[in-house]
Structure formats: structure tokens, C-alpha cells
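Right, one structure below, let's go through it.
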Amino acid sequence: MIWSPDYETLDAPALARVQGERLGRLVDVLYRRVPFYRKKMEKAAVGPQDIQGIGDIQRLPFTTKDEMRDVYPYGLLAVDLRDIVEIHTSSGTTGKPVVDAYTAADIDIWSEAMARTLSSGGTTRHDIVQNAYGYGLFTGGLGVHYGARRIGATVIPISGGNTKRQLAVLRDFKSTILTCTPSYSLFLAEAAQEDGLDLGGLGLKAGFFGAEPWSESMRTEIEGKLKLLSIDIYGLTEIIGPGVAMECECHEGMHVNEDHFFPEVIDPATGAVLPDGQKGELVITTLTKDGTPVLRYRTRDITYLDHRPCACGRTTVRMHRVLGRTDDMLIIRGVNVFPSQIEEVILGVEGVEPHYQLVVDRREQLDELEVQVEMNDAVFSDEIRNLEQVERKIEAELYAALNIHTRVRLVEPRTIARSEGKARRIIDKRTLEEAHG
Ligand code: ADP
Ligand code: ZN
């Protein structure tokens, strides 16, 4: 179901025209009203007069998260604070948070983008949306909330956590749509099973899962256990929150709402813009946001673009599911690998559960990776000898697929910490030691 056919199915020249006009207006506003951006443009010797169309975007400077943090809290504001109606921030666990301040018009755009997102998995006004993304400064909860309201669906704003209550609400209120992180959906499935509740039989139609990377193997697990259509949704606080891009039912990449959020993929080392199909860092420009608009924001997320037409009828560009964040990339004896690539391999092995953790350590100057995976109850009750066979088998598959040497350790069922929001996949003992040393 396409929520805004007027924009989601525009032909390429018409879309480029809309984007070009919006970019021109944006650059004009940023130049006049935001010293942070005016300085950046002056340094790059570019100004509003240089922007004639969307193609000119490449002349504009990039913006990084660190630069945005430097002007915390209000240095990115392009309007008077009086006109801001809501503020969210990034989690800020690794430093000062980045502030996203919304005008009423921005909330409107966000609602629209999220209505498109939820529609792409079939949500209508007849649906009951159990929204298990966290409400608060985190954008997930309210983003989904606004989209569901725009569609006219019923929202249950249960927020994240409180798993027992989630299950009771799913059962009693007959929720048809579930929104949460992919890892939390599996936690719910597991908790349901322990309570003897058949989650797959409750009437859930679709789930909208995002906020963290997940693999196709993870999709198979989730759809198998929850018996629903799974839709990958993407967004980030710095841009607007969720609503930047979403899969359609074709599951061949996420359609970017590019009339609002213009995507580019660059070589992270040189900044050169890469053609379709080439992996690099996603860069996004907000074409319509008023409160805290963003110019060529380097997301640190790795993906590639695809402009080919999609069978769903949308003409918007698709981004491949996020392979990982540059911050989360592991370098194991010189080989670069993302946790989601490891996930893809290990979840394909029989006898393991979709709960894992990666422990990185340094021994004799070399980085070593231990992959801890939960086995299922059947394997657990087996002989130790078989466990070792399974471990060696996973190690061999990881080597065959990714060319990395790992140590795989099967751990007992239900021993890896479950997450109610974003899963923590990596335990880096190297940085822990540095921090304590
Ligand atoms: P942070 O996690 O940095 O505190 P956000 O909550 O804004 O801030 O999270 C945004 C980040 O979450 C994205 O940059 C991306 O790394 C990750 N993310 C969001 N949606 C997805 C998705 N569908 N697939 C993979 N990663 C995602
Ligand atoms: Zn599509």
C-alpha cells in the first residue's frame, strides 16, 4: 500500500525537480540563518548562488556527528526557539548528544514519513499497533506513534520493556501490528513460548523492525516464530528519527523517502560519491526540515543504493539493508567484518538460537574474536563431543564465508543477555582494558 503516490511514484525528472527546488531553499536558509553552516559553506567556497539543481549537492560540505556535538545544544537551530514544539536527542552514550528540534511542520513531515513506512507493510486504520519502541528522547516511540495516528490506526503506546505485560496486551487487545527492535521481537517470542502462549496464532499481521542492524537469517527466525510480515525500517535522530527509509513487501532494499531525505553513498576515505551498487557510507540531506535541517550528514552506516524500478510501484531509490556502522566494524587480523555478516552465517547453522555475542580481545598483538552463540535445548542435551563438532562446524563456515578465524563457543540456552531496545552485540575487551588501565 502506497501512502503518498504523489511523491512515492514520481518519475525521475519530476522528482529531481522537487529535490532541486527544495535543496535551493534549504541552502538559502542555512546560509542566512545558521552560522555553523554558513562558515562551512564559506570554507568550501560555495553559496546559495551555486545551487541550481539537485546535482549541485556534491559541491556542498559534509557534516559530521562531532561537528554537530560541538554546537550543542542549540547551534543547529534554523528557526526561533519559540517555533520549536518538540526536542529529541541521540543517546549520547559516546559523548554529548546531538539535538533534533522539531517545528510543527517538522512533526507533520515526520508523521507523513512514518505513515508511508507503516503503510508499506499494510497498516490501515483498522489496525491495532502495539508500539514497543521506547518513548522518550529516543525517536522510535513517538515516530511510530505519529505515523500510526496519521493513518488513523489504534496505537497502544506501551513503549519498550515489561515483557510479561507486552504479551498480555498482545493477547488481550489483539494487536495486529508490532513495532520494536528485531532483537526484542525474538525476546518476546521466547518469553511467549515459556508462558505457553502461541505468538504466531495471535493475529499479528506485520512487524516493523529497525534501530539496529539485522540479517536475512534473522528475518527467517523472526517470521518463523512470529508468523508475520517483517519490514525493515531505517532512520536516525540526527535526520528525523524513523521514517527515513522502509522496505516494501518485495523485501529488496528500503525505499528512501527521498523527497524529504536525499541520500548519497560516499567512499568514507575520500568523500567521493559512489555509483549504485557500490558499498560505502550513507550521507543524508534533509530537504524539508525547518527546525534543525542537516546538510550532507555522514551517518557512518554502510549500505549501497539502487535506482532500478521496484515491483511495488514506488519509484524512490532503495538502500540495501544496513550492513553495519563504521563504528562497529571489527578488524580481525586484517579482515574487516560487521557483526551482521557474522550473524547471517551463524544463524544459518542448525541447533543454534538467534542470540549471540561477539567478544573481541587482543592476544600477542593480534585481535581475536570469540563468537558466543546459544545452542537450543536439543543440542544442549547432547554429548559434549557433539557440541564441539557444532563449534568446529560454525568456525569452518565463518572462515568459508568471511575468511576470518574465530573461536566459536556454544553457550547454554538463555544465558546471553536479552535486550529490550538495541541489542549489544560486541564486547570489546581491548577498550575495557584501556579504560581500566
Ligand atoms: P544512536 O543509536 O546513535 O544513539 P539513533 O537511535 O538515532 O542513535 O540510531 C540511529 C542508528 O541506528 C542508525 O544510524 C543506524 O546505525 C541504526 N539503525 C537504525 N535503523 C536501522 C536499520 N533498520 N538497520 C540497521 N541499522 C539501523
Ligand atoms: Zn518496493
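For Glu212, indicate whether it is within 14 Å of ligand 1 (Cβ to nearest atom) and within 18 Å of Leu188 (Cβ to Cβ).
Details: within 14 Å of ligand 1 (Cβ to nearest atom): yes; within 18 Å of Leu188 (Cβ to Cβ): yes.
Taking the combined requirement at face value, the residue satisfies it.
In the condition set (1) over 30 Å from Cys312 (Cβ atoms); (2) open to solvent by less than 10 Å² (accessible area, probe 1.4 Å); (3) of a type in the set (A, V, I, L, M, F, W, C), Ile84 is compliant with all but (2). Only one of the numbered conditions (1) open to solvent by 10 Å² or more (accessible area, probe 1.4 Å); (2) within 21 Å of the chain's Cα centre (by Cα); (3) not β-branched (Val, Ile, Thr) is not met by Met68, and that is (1). Among the conditions (1) open to solvent by less than 10 Å² (accessible area, probe 1.4 Å); (2) touching a helix residue (DSSP H, G or I) at 6+ places or on another chain (Cβ under 8 Å); (3) assigned to a helix (DSSP H, G or I), the only one that Ile107 does not satisfy is (1).
Checked against the criteria, Gln357 counts as at pLDDT 95 or above, away from ligand 1 (no atom under 16 Å from the Cβ), polar (S, T, N, Q) and out of contact with any Pro (no Cβ under 8 Å at 6 or more places or on another chain). Restricting attention to region 226-256, which residues are of a type outside the set (D, E, K, R), more than 14 Å from ligand 2 (Cβ to nearest atom) and assigned to a loop (DSSP other than H, G, I, E, B)? Those that are of a type outside the set (D, E, K, R), more than 14 Å from ligand 2 (Cβ to nearest atom) and assigned to a loop (DSSP other than H, G, I, E, B): Leu228, Thr237, Ile239, Ile240.
For region 349-385, give me the residue count where each residue is outside any strand (DSSP E or B) and touching a residue at least 60 places away in the same chain (Cβ under 8 Å). Quick ask: steps written out before the conclusion?
Applying the first criterion (outside any strand (DSSP E or B)) to region 349-385 yields 349-351, 364-365, 376-385.
From the residues that got through so far, the ones that are touching a residue at least 60 places away in the same chain (Cβ under 8 Å) too are none.
Count: 0.
Summed over region 191-218, the residues that are open to solvent by less than 30 Å² (accessible area, probe 1.4 Å) and either of a type in the set (Gly, Ala, Ser) or farther than 18 Å from Tyr133 by Cα (or both) give a count of 10.
The residues listed here are Glu238, Glu258, Glu281; of these, the one that is at pLDDT 95 or above, more than 13 Å from ligand 1 (Cβ to nearest atom) and touching a strand residue (DSSP E or B) at 6+ places or on another chain (Cβ under 9 Å) is Glu258.
Report those helices (runs of 4 or more DSSP H) wholly inside region 1-97 carrying at least 2 residues which are closer than 28 Å to Cys310 by Cβ. Can you show your working first?
Numbers: elements: 5-8, 12-33, 35-43, 65-70.
Passing ranges, in order: 5-8, 12-33.
Only one entry of Leu274, Leu295, Leu287, Leu282 meets the criterion of being aliphatic (A, V, I, L, M) and in contact with a Gly (Cβ under 9 Å, 6 or more places away or on another chain), and that entry is Leu274. Summed over region 314-367, residues that are open to solvent by 40 Å² or more (accessible area, probe 1.4 Å) and either touching a Lys or Arg at 6+ places or on another chain (Cβ under 7 Å) or within 16 Å of ligand 2 (Cβ to nearest atom) (or both) total 7. Can you spot a residue in region 122-135 that is open to solvent by 20 Å² or more (accessible area, probe 1.4 Å) and closer than 30 Å to Ala78 by Cβ? So far as region 122-135 goes, yes, one or more of its residues are open to solvent by 20 Å² or more (accessible area, probe 1.4 Å) and closer than 30 Å to Ala78 by Cβ. Within region 134-154, residues that are touching a residue at least 60 places away in the same chain (Cβ under 8 Å) and closer than 21 Å to Ala101 by Cβ have Cβ atoms under 9 Å from residues that are of a type in the set (D, E, K, R) and not in a loop (DSSP other than H, G, I, E, B) in these pairs: Thr139/Asp100; Leu142/Glu86; Gly147/Glu112; Gly147/Arg116, counting only partners at least 6 apart in sequence or on another chain.
The values are calculated or read from the model by the stated rules, or taken from the named source; none is laboratory data. Please read all numbers here as calculations on a predicted model, not as lab measurements. Because the Cβ atoms are built from the backbone with ideal geometry, glycine has one as well, and the counts that use them run over all protein chains shown. All accessible areas refer to the heavy atoms of the entire protein, side chains included, with ligands and DNA or RNA removed. Shrake-Rupley method; radii C 1.70, N 1.55, O 1.52, S 1.80 Å.
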